[in-house]
Amino acid sequence: GQLPMLMHPAPEDVLVIGLGTGITLRGMSSHPTRSIKCVEISPEVVEASDYFTEANHNALDDPKVSLLVRDGRNLLLTQQAQYDVIVSEPSNPWQTGNSNLFTSEFYQLVASRLKQGGLFAQWIGIYDITPENLRIATNTLLQIFPQTLTFRTGSDLIILGSQEELKFDYLRLQQRMASVGVKETLSAIGIETPGDLIANHYLLGDKSLRKFSRGARINSDDLPILEYSARDNLGNALLDARKRMVLPLTNMGKDQRTIAISLRELGNDFVKAGRATEAQSFLRKALEVEKNDTSSSQISPVQPEDDGGLSSRQMSAVTSPTKQV
């Protein structure tokens with residue numbers, strides 16, 4: 001739940017589809033939220049969440065959080081409420097009752113309930129899905145949400161989707177992550193800085209995801225391919241899609257000094273993540289920026305075919321081969 005909240009500039013109204021253990025809800029209200037609706041179809045799941053209060057910090061007791069025990073897709077279909085962020089974290093797409101939360105029609109419905117600039121977050125477990133089925137799942141999502149950022153945490157993927165270009169606003173992330181509540185939640189999982197988040201969890205952007213998904217069939221209500229597909233272990237097949245990493249970063253700083261500080265912080269965080277090659281690129285660029293007389297806080301895209309962001313002048317050398325997440 002933290003990823004879309006961090007990436008949205010002002011996530012006031014939020015919907016979470018699927019309660020699970022309640023951990024997703026933890027700390028969400030620490031962001032500039034007004035209301036957080038959580039819809040869970042199973043009363044038994046709500047009851048079981050009481051066993052995870054130590055992990056979810058009694059998220060359901062938060063005054064900003066309201067719980068609805070009903071079908072999430074039906075809620076979107078029958079209510080006209082608009083949201084800044086919608087998080088969908090059902091169980092696996094091959095399970096009846098969850099499979100219709102991975103179809104093209106569902107994504108169209110979600111898009112119609114997002115405000116301008118709204119973000120959608122889709123959880124996909126990669127521990128029991130084949131590479132081809134993952135291609136189907138991601139290609140289906142991309143048809144409705146063409147702008148994406150994909151993250152990996154353990155054996156899970158989290159895909160952020162939007163109608164608008166997504167970039168890491170470095171200074172805004174830094175400020176949000178320093179706020180009370182957000183800092184506590186992220187620190188508990190080893191994330192202290194934007195660099196920690198990017199170095200350890202960012203996988204790829206929409207250009208690479210489209211390349212990975214190209215040619216895959218579409219999962220629909222009438223043809224629910226994923227619901228009837230065999231399951232297998234994905235392994236590291238998706239990592240082949242990321243040959244060179246280009247980070248869609250912006251707002252690194254207001255002058256040369258602060259840009260260099262941000263670059264050094266990123267470099268150090270990549271060192272901690274065990275990614276020395278990328279770290280050297282960031283640290284080298286920090287030195288180059290200090291020698292550059294031109295000041296810029298906006299990091300422009302490298303090339304249209306890249307995944308956006310790191311700059312033509314200051315950041316052109318940051319891309320490098322990577323083999324791990």
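The values are calculated or read from the model by the stated rules, or taken from the named source; none is laboratory data. Keep in mind that this is a model prediction, so the values were computed, not measured. Neighbour counts run over all protein chains shown; Cβ positions are idealised from the backbone, glycine included. Note: areas computed on protein heavy atoms with side chains; ligands, DNA, RNA excluded. Shrake-Rupley method; radii C 1.70, N 1.55, O 1.52, S 1.80 Å.
Table: residues versus (1) modelled with pLDDT of 85 or more; (2) open to solvent by less than 40 Å² (accessible area, probe 1.4 Å).
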{"site": "GLN256", "(1), (2)": "yes, yes"}
{"site": "PHE270", "(1), (2)": "yes, yes"}
{"site": "THR277", "(1), (2)": "no, no"}
{"site": "GLN298", "(1), (2)": "no, no"}
{"site": "GLU305", "(1), (2)": "no, no"}
{"site": "GLY309", "(1), (2)": "no, yes"}
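Screening the candidates SER220, SER179 for the property of being more than 21 Å from ILE259 (Cα to Cα) and surrounded by 14 or more Cβ atoms within 10 Å (Cβ to Cβ) yields one hit, SER220. You will find that of THR193, THR185, the residue that is of a type outside the set (D, E, K, R), closer than 26 Å to ASP255 by Cα, open to solvent by less than 30 Å² (accessible area, probe 1.4 Å) and over 13 Å from the mean Cα position of the chain (by Cα) is THR193 and no other.
Per the listing PHE106, PHE52, PHE102, the residue uniquely modelled with pLDDT under 90 and among the aromatic types (Phe, Trp, Tyr) is PHE52. Test THR258 against the criterion of being hydroxyl-bearing (Ser, Thr, Tyr), more than 28 Å from GLY154 (Cα to Cα) and in a helix (DSSP H, G or I), and give yes or no. In short, yes.
In summary, SER49 fulfils each of the numbered conditions (1) in contact with a strand residue (DSSP E or B) (Cβ under 7 Å, 6 or more places away or on another chain); (2) closer than 30 Å to GLU184 by Cα with the single exception of condition (1).
Can you tell me which residues in region 61-74 are in contact (Cβ under 8 Å) with a residue 40 or more places away in the chain and either among the aliphatic types (A, V, I, L, M) or under 16 Å from PRO32 (Cα atoms) (or both)? Correct list: VAL65, LEU67. Candidates are the residues of region 161-176 that are within 16 Å of the chain's Cα centre (by Cα), outside any loop (DSSP other than H, G, I, E, B) and free of Cβ contacts under 8 Å to residues at least 60 places away in the same chain; the one that is surrounded by the fewest Cβ atoms within 10 Å (Cβ to Cβ) is SER162.
Filtering region 20-39 to residues that are crowded, with 17+ Cβ neighbours inside 10 Å and at pLDDT 90 or above leaves ILE36, LYS37, CYS38, VAL39. Could you list, in sequence order, the residues of region 40-55 that are open to solvent by 10 Å² or more (accessible area, probe 1.4 Å) and in a helix (DSSP H, G or I)? Passing the criteria: PRO43, GLU44, VAL45, VAL46, GLU47, ALA48, ASP50, TYR51, PHE52, THR53, GLU54, ALA55. Of the residues making up region 177-192, those that are hydroxyl-bearing (Ser, Thr, Tyr) and part of a helix (DSSP H, G or I) are THR185, SER187. Hey, can you tell me all the residues within region 196-211 that are free of Cβ contacts under 8 Å to residues at least 60 places away in the same chain and open to solvent by less than 40 Å² (accessible area, probe 1.4 Å)? Correct list: TYR202 only. Counting only residues that are in a strand (DSSP E or B) and at pLDDT below 95, which one in region 60-86 is least open to solvent (accessible area, probe 1.4 Å)? The residue in question is VAL65.
Among the residues making up region 1-37, those that are in contact with a Lys or Arg (Cβ under 9 Å, 6 or more places away or on another chain) and of a type in the set (Ser, Thr, Tyr) are SER29, SER30, THR33, SER35. Please specify each residue of region 1-19 satisfying the condition of being more than 18 Å from ASN58 (Cα to Cα), open to solvent by 10 Å² or more (accessible area, probe 1.4 Å) and not aliphatic (A, V, I, L, M). Within region 1-19, HIS8, PRO9, GLU12, ASP13 meet the criteria. Taken together, the criteria exclude ASN92 from residues that are outside any strand (DSSP E or B), open to solvent by less than 20 Å² (accessible area, probe 1.4 Å) and touching a Ser or Thr at 6+ places or on another chain (Cβ under 6 Å).
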